[in-house]
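My questions will all concern the structure given below.
The values are calculated or read from the model by the stated rules, or taken from the named source; none is laboratory data. Not measured: the values here are computed from a predicted model. Methodologically, a virtual Cβ is constructed for each residue, glycine included, from the backbone with ideal geometry; neighbour enumeration extends over all protein chains shown. These accessible areas exclude ligands, DNA and RNA; they are computed on the full protein's heavy atoms, side chains included. Shrake-Rupley method; radii C 1.70, N 1.55, O 1.52, S 1.80 Å.
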Amino acid sequence: MFRNLRPDAVLVQAVIAGALSFAHLHDLAAAAGQDGWKAWAYPVSVDLLLVAAWRRMRTDAANRDAWLWFAIALVASLGANVATAGLLDLHDVPPWLRILVAGWPALAFLGGTLLAHAPAPDPRPEPEPEPAEEPARSDLTVERAPEPAPELPPAAPVPQDIAPDPTLTPAAPAVSVPPALLDHARKIADAHRAQTGAPIDATTLRARLGVPAALADSIALQLA
């Protein structure tokens, strides 16, 4: 088992850097008057706030609070590293630095509370908007296939000895038309008038319905 373990350069570097930063924060806290266990608690507080902000940034990159607290913890860690590098006399710490070190616990508690109670982003994808339905066009005319014309009895022959009077208008069509066929013919006539602006003639009506000429003439008379 131990033969499969290989040292990772990145992990070793992270451990060394964390240990040095931890020691610098401890030395700065001890120089600012925080002795005993309190000096060891400061680096833990800074590093935990840094890790908490980084984890919140990983789950929600657009969270501005996570970026803010990550920057605050990073500045505190870098400031301790720079201050203990010989630029600051640890035996004579200025009052403003003592104030910052003493106020850090409250600041870290506020940042940790806000990061812990920040709402998590919704992992569900947003629903795609439904395509808008196109309004129905009123200028389109749908014509049904012509229904087969019912078989009609042969028309009664006109007596040859009685000549029809051309001045008289027939009261009823020569061939009876079923009501269903008449209704269908009326729809076709209305559609033809809407498209052409002229009434439909018997020839066109016969071609649309597929009926005999006599029946088409009778339907045209009733639609006139």
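Residue by residue through region 49-96, note down the ones that are of a type in the set (A, V, I, L, M), more than 17 Å from residue 113 (Cβ to Cβ) and surrounded by fewer than 16 Cβ atoms within 10 Å (Cβ to Cβ).
Selection gives 61, 62, 71, 74, 75, 78, 82, 85, 87, 90.
Now for a separate question. If I ask for residues that are of a type outside the set (A, V, I, L, M, F, W, C) and more than 12 Å from residue 20 (Cα to Cα), which ones from region 73-96 would you list?
First, pick out the residues of region 73-96 that are of a type outside the set (A, V, I, L, M, F, W, C): 77, 79, 81, 84, 86, 89, 91-92, 94-95.
Listed by number, the residues that qualify are 79, 86, 89, 91, 92, 94, 95.
Take the residues of region 6-48 that are open to solvent by 60 Å² or more (accessible area, probe 1.4 Å) and not in a helix (DSSP H, G or I): which is nearest to residue 83 (Cα to Cα)?
Restricting to residues being open to solvent by 60 Å² or more (accessible area, probe 1.4 Å) and not in a helix (DSSP H, G or I), the top hit is 35.
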